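Just so you know, all these numbers are worked out from the coordinates, no wet-lab data involved. On a predicted model such as this, the values are computed, not experimentally measured, just so you know. Using ideal geometry, Cβ is built from the backbone for each residue, glycine included, and neighbour counts are taken over all protein chains shown.
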Ligand code: R5P
């Protein structure tokens, strides 16, 4: 990385251009003009029109479905910026795909999160700006700075507006307890509960117990993502069977693949809050409200550019 100029260049890939435009509006900086097209055989053809020499570049590209398409497009964009003599390149990844494969939990499997971290750096990223990584320790897969943002303050503002009376914050599995505890603490020390979940396959899960008291209580289920919707639908179901009253869900990443929408629609969820880290398609689950993460990302970009603290955004 060479020294970078005062000028910020913002570029969005095709993964979530609406979020790119929202960040651009927040910052008052236009998006660089780039053409991201396909060759006849489907390969990606990229050309950035603006002069990038020496500028502080931020490439906005969550690696959400279609995951492999969006990953390759990001890597090619990074390479394009590097070869255009950009001063510094930050990969802004509001959703970091492949994060769930972060360790070798059985024989003869890749550590996919490490592979994609290597390719990001190899393609030209000088920094990464991520949001609610599936596992915070993925930061350690990089030897470049990784700024890790949390959607919690943004989602909490809306949760508070819902005026949920004496809520119990629920984690839909044991792995999410740290996040649930952080939400409970921010909600004036709300009670905590955990759903005891067992994953049977990529899209099938079983829930057996609820650890904690939810009978007659309003609950707020928090998680980093909804993928096939199995975990959330099953969690909401068992909570209702255990006597939970109002069920609010707050989730950062709405991956919503496969049967997710049908599962969520059939589940006893009164309100579903998600961020726009991933674009929602035309078909949306019922009772959904999308909360924009653009102001938080814009502020983080500002702070990174001015060499100011990013963690202070969460003090
Ligand atoms: C699991 O560790 C995650 O936090 C989510 O609970 C999980 O990835 C959701 O997957 P699905 O929606 O397919 O059950």
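Some observations on this one:
- Distance from the C-alpha centroid of region 118-177 to that of region 234-256: 19 Å, rounded to the whole angstrom.
- Cα shape, region 85-244, gyration tensor, a/c 1.5 rule: oblate
- Restricting the calculation to Cα atoms, every distinct pair contributes to the Kirkwood radius of region 191-315, found to be 15.8 Å.
- Rg and Dmax of the chain, Cα atoms only, in Å: 20.0, 61
- The mean sequence separation of alpha-carbon pairs under 8 Å and at least six residues apart, normalised by the residue count of the chain, gives a relative contact order of 14 percent.
- Computed packing ranks the peptides 243-256, 173-186, 197-210 as 243-256, 173-186, 197-210, most packed first, by mean other Cβ atoms within 10 Å.
- Exposure proxy shown here: for 196, 45, the number of other Cβ atoms within 10 Å sets the order, fewest to most, as 45, 196.
- Burial order of peptide ranges 303-314, 95-106 (average beta-carbon count within 10 Å, highest first): 95-106, 303-314
- For the chain, the longest principal axis of the alpha carbon atoms and the long axis of helix 177-186 meet at an angle near 80°.
- Angle between the chain longest axis and helix 152-161 axis [Cα atoms, degrees, rounded to 10]: 50
- Acute angle (nearest 10 degrees) that the helix 294-305 long axis makes with the longest principal axis of the chain, alpha-carbon atoms: 40
- Dimensionless Rg ratio for region 180-263, taking C-alpha atoms and the 2.2 N^0.38 Å reference: 1.07
- Among 228-235, 265-272, sorting by the average number of other beta carbon atoms lying within 10 angstrom of each residue, highest first, gives 228-235, 265-272.
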